[in-house]
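The values are calculated or read from the model by the stated rules, or taken from the named source; none is laboratory data. Just so we're clear, the structure is a prediction, and the values are computed from it rather than from any experiment. Positions of Cβ are backbone-derived with ideal geometry, glycine not excepted, and every protein chain shown enters the neighbour counts.
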Amino acid sequence: MHTCLIVIDAQESFRQRAGWDQALADNYLQHQNALISGATAQGMPIVRIFHSQAPEQAGNPFSQVSGHVRPLTGLQDFAAAATFTKSRHSALVGTGLQVWLTENHIHTLIISGIRTEQCCETTARHASDLGWDIAYVLDATLTFDMTQPDGATLRAADIKTRTATVLAGRFARVCSVAQALGATV
C-alpha cells in the first residue's frame, strides 16, 4: 500500500478553546470516522498527529501537562501506524513524519483533521511541495468561525470554501471520503 491517511490534531485541546462549535464538530466526526473506518478496512496505515506547544502549564490546552493533548472525544479509535507530535503548523516540520513516509514508500497522503485552513492546509501544501500526491478530504476537516482584521466574522463554511479553492489543482485533489478511499493505491 502506497497510500497513508494522516489524521491531524484531532484532539481535545480544541474543545477547550472559545469558539468550539459542537454541531460543526459532529459533522466533522461523522466524515472523519467514515474515513478512518474505510482506511482500516483497506489495511491502509493511519498516522496520528498531535499538536503541542508551550507554555507547559495546565491552563494551556495545547500543553502536554493540560491532559488535553489526546484524541478528540467521539473520534473512532484506531491503531496508529505511527504517532507524531508537532509544535508547528506543518506536520512535516521537526516530527520525523517525512522520514517515516519515505521509509514506508508512501506516495499518496490523504489529509484530514483540525483545522482546515491551518495545520491541514499547511501540511498539504508542504507535502505537495516535497513531491507527495495529496488527497485533501475537505469534509473530514474541521474549522471554526474566525474574526477578520476588520472585525467581521468569517464563517467556517467560507474558510473551507477558500481552502478548497486554493488547494484544488495546485497542491491537492480536493475530494470526498468515498473519492479518497476509492483512489488509493
Can you find, within segment 119-137, the residue that is surrounded by the fewest Cβ atoms within 10 Å (Cβ to Cβ) among those that are over 10 Å from the mean Cα position of the chain (by Cα) and either small (G, A, S) or part of a strand (DSSP E or B) (or both)?
G131
Single residue of segment 94-118 satisfying the filter (over 21 Å from A34 (Cβ atoms) and touching a Ser or Thr at 6+ places or on another chain (Cβ under 8 Å)) that is surrounded by the most Cβ atoms within 10 Å (Cβ to Cβ)
I106
Looking at A91, A58, A80, A54 in this structure, which one is in contact with a strand residue (DSSP E or B) (Cβ under 6 Å, 6 or more places away or on another chain), part of a loop (DSSP other than H, G, I, E, B) and over 22 Å from T143 (Cβ atoms)?
A80
For the list (1) free of Cβ contacts under 8 Å to residues at least 40 places away in the same chain; (2) more than 24 Å from G94 (Cα to Cα); (3) in contact with a Ser or Thr (Cβ under 6 Å, 6 or more places away or on another chain), I need the number of the one condition that T40 fails.
(3)
Any pair with Cβ under 9 angstrom, 6 or more apart, that starts in segment 151-179 at a residue that is modelled with pLDDT under 95 and ends at one that is in a loop (DSSP other than H, G, I, E, B) and surrounded by 13 or more Cβ atoms within 10 Å (Cβ to Cβ):
none
Given the condition in contact with a Gly (Cβ under 8 Å, 6 or more places away or on another chain) and under 27 Å from R15 (Cα atoms), answer yes or no: does some residue in segment 127-138 qualify?
no
Condition broken by T73, with the remaining ones in (1) assigned to a loop (DSSP other than H, G, I, E, B); (2) surrounded by 16 or more Cβ atoms within 10 Å (Cβ to Cβ); (3) not basic (K, R) satisfied:
(2)
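Here's the yes/no breakdown for (1) among the charged types (D, E, K, R); (2) under 17 Å from I8 (Cα atoms):
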residue	(1), (2)
F84	no, yes
S87	no, yes
A91	no, yes
T95	no, yes
N104	no, no
E121	yes, yes
A140	no, yes
V166	no, no
Which condition number in (1) farther than 27 Å from W20 by Cβ; (2) in a strand (DSSP E or B) is the one that A178 fails?
(2)
Among (1) in contact with a Leu (Cβ under 9 Å, 6 or more places away or on another chain); (2) surrounded by 18 or more Cβ atoms within 10 Å (Cβ to Cβ); (3) within 18 Å of A80 (Cα to Cα), there is one condition A25 misses while meeting the rest; what is its number?
(3)
I'd like the residue in segment 43-54 that is surrounded by 14 or more Cβ atoms within 10 Å (Cβ to Cβ) and touching a residue at least 40 places away in the same chain (Cβ under 8 Å) and, out of all such residues, is nearest to T153 (Cα to Cα).
H51
How about segment 94-114: which of its residues are in a strand (DSSP E or B) and either farther than 21 Å from L181 by Cα or among the polar types (S, T, N, Q) (or both)?
T108, S112
Here is a list of conditions, (1) farther than 27 Å from H126 by Cβ; (2) out of contact with any helix residue (DSSP H, G or I) (no Cβ under 7 Å at 6 or more places or on another chain), and P45 meets all of them except one; can you say which number that is?
(1)
